[in-house]
Each structure stands twice: as C-alpha cells, then as structure tokens.
Amino acid sequence: MSIPKKDRVYANRNVHLGAINWIGFDMDYTLAVYRQDAMDALSVRLTAERLVGRGYPDFLLGLHFDTQFPIRGLLVDKHLGNILKLDRHKAVHLGFHGTRQLSKSELLSLYHHQKLRPESARFHWIDTLFALCEVTSYAAIISALEERNHPFDPQQLFIDVRSAIDQAHADGSVYRNVTSDLERYVERDPALPKTLHKLRSAGKRLFVLTNSPYHYTDTIMSYLLGADKAHYQHWTQYFDVIVCASKKPLWFRNYQPSEAVPFMQRSADLPREAPASAVHNGGFERGTIYEGGCLQTFEARLQIAGPQVLYVGDHIYGDILRSKKDTNWRTALIVQELDQEIRALQATDALRIRRRQLAEARPFFEDELRYYAAEFKRVARHHGPHTLDEKLTREGAKSHIDRVRQELQNLETEYEQLEAEINKEFHPYWGSLLKEMNGLSIFGQQVDLYADIYMRRVSCLGVYSPTQFFRSPHDLMPHEI
C-alpha cells in the first residue's frame, strides 16, 4: 500500500537504515511536537510583560499579533526593522516592515543595489520553530509603536525582544506554563512509542541528546511515552543513552583532549531541578541520566564511528549543520511544516501546471519578438526611398512587434496572478517554506545541503522497514532538463 506523501521520508542523499546502528534524537520540536500557535502566543505574552517591565509602554500588554505571520528561514534586518525572505542566491523578493508588506520598489532600493551579507551583525536568521515567536513579537511591536508614533530603535528593540524571551525561559516561566497544561502545548503522537519500539526491536540502539534540562525533559517525555505501557514501563527504557542540558551546538565542537567537556551523572536522590554534579568517567548505563559532555567522549565511550549514527533533529544549525560539519553522522531533519507544504502542492496542482505552461511559452514569444525586431531594423537600415514591399514589411513587423509585446504583457500579468494565488495556498504572507520564485528558498537550500533525509515527524520512520534504503532522486542541471 502506498504511503501518503505527508508521511513519507524524503532523501537528499542515499541513507541505508540497515547500516545504521545508533539513532539519536533531539527532544524539543523533534520527539516533542509542540502546538505552535499556543507556544508562540505564550511566548509573545511573556515577552510583552517583560518589555513593559523594562520601561516599554503599557499598551504592549494588549498587543495584537498573528502567530501565523512568521515561517522559518526569514532574515531580520535589525537596523531597519524589516523581515525578509531570501532565495538560495541571497536575493530578497519578499519582505515586511513590521507587519506591513514592503513594495517591490522599496525592496529594490533597500536591498538590490549592494551585496546583501546575511552573516553580518546587522541581520539575524530565524531558522527554528522555537524562534518564530521572536518574529511574531518583533513585527507586531514595531507596528504597534509606529501606529502610536512612539519612538524606538529597531536594533535595540530586537535585542530587548530576544532578551525578554531568553529571560522567560531562564526564570522557568515557559517551562511552568507548558508543564502545567501539557495537552494545550504538546501534541501526543500515538505512533511515536511504536516507532521507537520497532527500531529497538530491529537491533537499533537509541539515544536522546537535548539541550533541555532534566526536569523538563522528564515531564515531556513521560507525557509522550509514559502512557503506553505496552512496550516499556518508563520512558527512559526506550533509550540506551540519555543526555540532557547538552549545550548544542557546542556539544558537536572538536575540542582538544584537555578541553573536552565531561559528562555529569545524575544521582537518584538529586532534586529534579538541580543540575547533575557527579563527573562520570565510565561507560553509559541504560536508564541513567547524563548531562553535558561532548561528541569526542560520546563516540569514544560507545566505540562508534560517524556513519553508523543517524541523528534526528529540527534545528538546521544546532542539530543538523553542526553534526554534518563536525561529524560523519548521518542527518535527518524534522520539517513539521511539511504536511502543509504537501497539502498546498496538491491543492495548486492545476495552477502550477498552467504556470509552467506560461513559463515554457515565454521563450517562444521572446524569439518571435526578436525576429520581428530584426526585420524592422533591417528595413529601417535601408538608405534612400523604400519600395512598397519594404514599407509593408516594416509596417507588418511593427504590427507583429506590438502584438507580441501585448501577448507577453498578458502572459506576465497572468503569471503574476497565478504566482500570488499559489503562494497564498502555501502561506498567507510568505508563500512556500522551501521555495522562492522559481528555485529554492535559502531555508530550502539549507535542507538540501545539510539534511540527508527529512520528514515531518519522527513517527514517519515507523512506516518503513528498519533496513529501508532511502534513495535520493537524480539531480538535474538546467541543460539536462
């Protein structure tokens, strides 16, 4: 039976699960699928409260915001208060100032006359679901302040928004809200325990590697896996190694032997919210919780080599890019938005066929225009009186030129209308997460570069055999199409 497209695993590079001995998982937005609207609304509320506490106007407590506004892969221009979407060539085609869409002429004047350097301190990438609340807050606050003519510095505002969000996590406010109402904030996937058990039963060894502290990890994982007693009595029994508070992406860094971060082991009598304090120097024990550590020590103690490991995460930089750059681990990216991308693809199938027809027709009109333009110039270059035939040829060429130009204009108008309609189906503000114009978005390019395979959630692995060979499609260059 065919697997529904939204539940498939997609390959950028060949991955043979039969050759994978260890599979590791991040927790937040990987094993734990959060309800994004609820999480972002919570973060914006907590951010506004902390900003008001720092002296921002009280009206921010009643801030109007749309949690649907941001997507991953956006670039924040902190100098101007703009939020931008880039294609894989780092060109800007779509942007907002606060929540107001920037016109094409504004984008052209601001970003198309000099080389954009997204890696500079002026810009900030939004590449995780966790960070979407930063854009929601920042854009809504800019619009609210400008509507009331309240002066502000866009760069300082962004610094304050990020600081407020960090503070809400550091003081435990986010953790307390989430753990006090898990059903509201966390989606329980009934296929997750079955998937993990299937992998273990096939001889795979599993581990958790998360930045979250133990007390929060224990609460979330108990909610996700603890209700299913058919396989294991406690969530920790699903995994051979559990590492919390890991400090990725630094965890993947290549340390000198003398600088390697030690693993800490939690004792059974340690309070849940206290950090582990006992340095661990031996082998890893199943059911024991570890904290910190680093890649070299992890691989050395388990005596594993990179290609034997598949690491599954949601964060392009912290989970995927660093593990791909600093290790030979195979990588799997969780793209939670993939189901919406696939729904939109299916809903716009006829529109995209028509758009492709228009794109393929454009060169023929342009060839025809060049031909008649050349005819017009050829007759115009004739010195002296023109014969009747030459006059008719010139007039005919001019008539054809006018007709073809009108047809091209009509084509471009229809193409732009189709483009807008298709984009709205993907996302009301930004269009497709993975595409921009006729190519990859910069986020889509990162998925292509750093994720060996990608899927919308971990349980997608469960519909395949543990020895599945995921094969990538053939890449085609423009001249091969």
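The values are calculated or read from the model by the stated rules, or taken from the named source; none is laboratory data. These numbers were taken from a predicted model, which means no experiment stands behind them. In this analysis, Cβ positions are derived from the backbone assuming ideal geometry, glycine residues included, and neighbour counts consider all displayed protein chains.
Before moving on, here are some points about what is shown:
- Within the range 40-56, residues that are acidic (D, E) reach partners that are surrounded by 20 or more Cβ atoms within 10 Å (Cβ to Cβ) with beta carbons closer than 7 Å, at six or more positions or on different chains, in the pairs D40/L132; D40/C133; D40/T136.
Results for (1) over 16 Å from D339 (Cα atoms); (2) without any contact (Cβ under 8 Å) to a residue 60 or more places away in the chain; (3) surrounded by fewer than 19 Cβ atoms within 10 Å (Cβ to Cβ), shown as yes or no for each residue.
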{"position": "L434", "(1), (2), (3)": "no, no, no"}
{"position": "G439", "(1), (2), (3)": "yes, no, yes"}
{"position": "D448", "(1), (2), (3)": "yes, no, yes"}
{"position": "I453", "(1), (2), (3)": "no, no, no"}
{"position": "G462", "(1), (2), (3)": "yes, no, no"}
{"position": "R471", "(1), (2), (3)": "yes, no, yes"}
{"position": "M477", "(1), (2), (3)": "yes, yes, yes"}
{"position": "E480", "(1), (2), (3)": "yes, yes, yes"}
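- In the range 329-361, of all residues being part of a loop (DSSP other than H, G, I, E, B) and under 25 Å from W125 (Cα atoms), the one that is modelled with the lowest pLDDT corresponds to W329.
- Taken as a whole, the structure places L80 among residues that are out of contact with any Gly (no Cβ under 9 Å at 6 or more places or on another chain) and in contact (Cβ under 8 Å) with a residue 40 or more places away in the chain.
- Residues in the range 175-192 that are buried (at least 18 other Cβ atoms within 10 Å of the Cβ), at pLDDT 95 or above and part of a helix (DSSP H, G or I): N177, V178, Y185, L192.
- Residue selected from the range 196-229 under the condition in a loop (DSSP other than H, G, I, E, B) and touching a helix residue (DSSP H, G or I) at 6+ places or on another chain (Cβ under 7 Å), by the criterion surrounded by the most Cβ atoms within 10 Å (Cβ to Cβ): T210
- Residue check for Q296: surrounded by fewer than 12 Cβ atoms within 10 Å (Cβ to Cβ) and modelled with pLDDT of 85 or more: no
- Selected residue (criterion: modelled with the lowest pLDDT) from residues of the range 248-274 that are within 16 Å of T327 (Cβ to Cβ) and not in a helix (DSSP H, G or I): N254
- Any hit, the range 209-230, residues being in the same structural domain as E49 (by TED's automatic domain parsing), in contact (Cβ under 8 Å) with a residue 60 or more places away in the chain and in contact with a Gly (Cβ under 7 Å, 6 or more places away or on another chain): no
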